[in-house]
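J.: Below is one structure. I have some questions about it.
The values are calculated or read from the model by the stated rules, or taken from the named source; none is laboratory data. Since we're looking at a predicted model, the values are computed, not measured. Positions of Cβ are backbone-derived with ideal geometry, glycine not excepted, and every protein chain shown enters the neighbour counts.
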Amino acid sequence: MKKVVLLLGAVMVLAGCHTDMWVQPKTTGYKESELFEDGKSARPLEEGVVARGLLKTDSTRFKGREKDGALVSEIPTSLTIWGEKVNTKTELKKVLQHGQERFDIFCSHCHGKVGAGDGMINQRGLILRRPVATYHTDRLRKMPVGHFFDVITNGYGAMFAQAPRVPVDDRWAIVAYIRALQFSQAQPKSSLSAEELQELDKKKLDPAEQAQKDGEAEHEKENAKGGH
């Protein structure tokens, strides 16, 4: 009797083992399909589809423009720098330091270290119908910050769009640094202290000239000590 019960149980189990559950009427990636004319199971995305989490509705942040298309006049109040949220009002130094770093990497080779349009590429033979822009003109000093963000994002003239290379918040940090460069280069010498003027004069000399000047100054100090 036990054998009969076991046999019946085995028959019932085997009867339940069929492939309907894992062989389903569905398609997998890159598998052929007879349903569509192109024979592909994977379908192209509809125009305008945006991946989840990547919808960019804030035009001021992602485009540098207001909803009406006008260029924004201020950088966002918060940026993410190396994974850290930074307030651009209270932590501006961090923003400028990061902006300088990114500027030196992505911009200085054409625009130069201070944005005068005298980068090494220009000095080494780049010939353009229109010279690389200097930021230190009245027109660009008066330009809203959104203009610089737009140019970095989309390119301008011979300049390639930098959006594929430079993240949004890094672009804004660069814009902040450009504004700092414009401010620094527009200050009259009369606004500088004696120490700042001396430091500025040092930077104008090449290393050999500076070493000679420092040596002469040291020699004068030693002579003065000896005279006493």
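J.: Pairs needed: first member in the stretch 182-200, more than 20 Å from G115 (Cβ to Cβ); second member anywhere, of a type outside the set (G, A, S); C-beta distance under 9 Å; at least 6 residues apart or different chains.
T.: Listed by first residue and then by second, the contacts come to L197/K189.
J.: To continue, here is another question. Of everything in the stretch 122-142, what is under 30 Å from T88 (Cβ atoms) and either surrounded by fewer than 18 Cβ atoms within 10 Å (Cβ to Cβ) or in contact with a Ser or Thr (Cβ under 8 Å, 6 or more places away or on another chain) (or both)? Give them in sequence order.
T.: Within the stretch 122-142, T134, H136, T137, D138, R139, L140, R141, K142 meet the criteria.
J.: One residue is enough: does the stretch 82-89 have a residue meeting the conditions among the aromatic types (F, W, Y), in contact (Cβ under 8 Å) with a residue 12 or more places away in the chain and not in a loop (DSSP other than H, G, I, E, B)?
T.: We begin by selecting, within the stretch 82-89, every residue among the aromatic types (F, W, Y); these are 82.
Checking which are in contact (Cβ under 8 Å) with a residue 12 or more places away in the chain leaves us with 82.
Still in the running and not in a loop (DSSP other than H, G, I, E, B): none.
Checked the stretch 82-89: no residue is among the aromatic types (F, W, Y), in contact (Cβ under 8 Å) with a residue 12 or more places away in the chain and not in a loop (DSSP other than H, G, I, E, B).
J.: Report, by residue number, each residue of the stretch 145-184 that is touching a Ser or Thr at 6+ places or on another chain (Cβ under 9 Å) and surrounded by fewer than 16 Cβ atoms within 10 Å (Cβ to Cβ).
T.: Once the filter is applied, which keeps residues that are touching a Ser or Thr at 6+ places or on another chain (Cβ under 9 Å) and surrounded by fewer than 16 Cβ atoms within 10 Å (Cβ to Cβ), the stretch 145-184 yields A161, A163, P167.
J.: OK, next. If I121 satisfies every condition in (1) aliphatic (A, V, I, L, M); (2) assigned to a helix (DSSP H, G or I); (3) at pLDDT 95 or above but one, which is the exception?
T.: I121 satisfies all of (1) aliphatic (A, V, I, L, M); (2) assigned to a helix (DSSP H, G or I); (3) at pLDDT 95 or above except (3).
J.: Out of the stretch 49-65, which residues are free of Cβ contacts under 8 Å to residues at least 60 places away in the same chain and either assigned to a loop (DSSP other than H, G, I, E, B) or exposed (fewer than 11 other Cβ atoms within 10 Å of the Cβ) (or both)?
T.: Passing the criteria: V49, V50, A51, R52, G53, L54, L55, K56, T57, D58.
J.: When the residues of the stretch 69-115 are filtered to those that are crowded, with 16+ Cβ neighbours inside 10 Å and of a type in the set (G, A, S), which remaining residue is nearest to P167 (Cα to Cα)?
T.: Step by step, filter the stretch 69-115, then rank; the result is G99.
J.: Can you tell me which residue in the stretch 90-118 is farthest from K142 (Cα to Cα), limited to those that are touching a residue at least 60 places away in the same chain (Cβ under 8 Å) and part of a loop (DSSP other than H, G, I, E, B)?
T.: Ranking the candidates gives C107 first.
J.: Confirm whether F149 is in contact with a Phe, Trp or Tyr (Cβ under 8 Å, 6 or more places away or on another chain) and at pLDDT 85 or above.
T.: Yes; evaluated as a whole, the condition is true for this residue.
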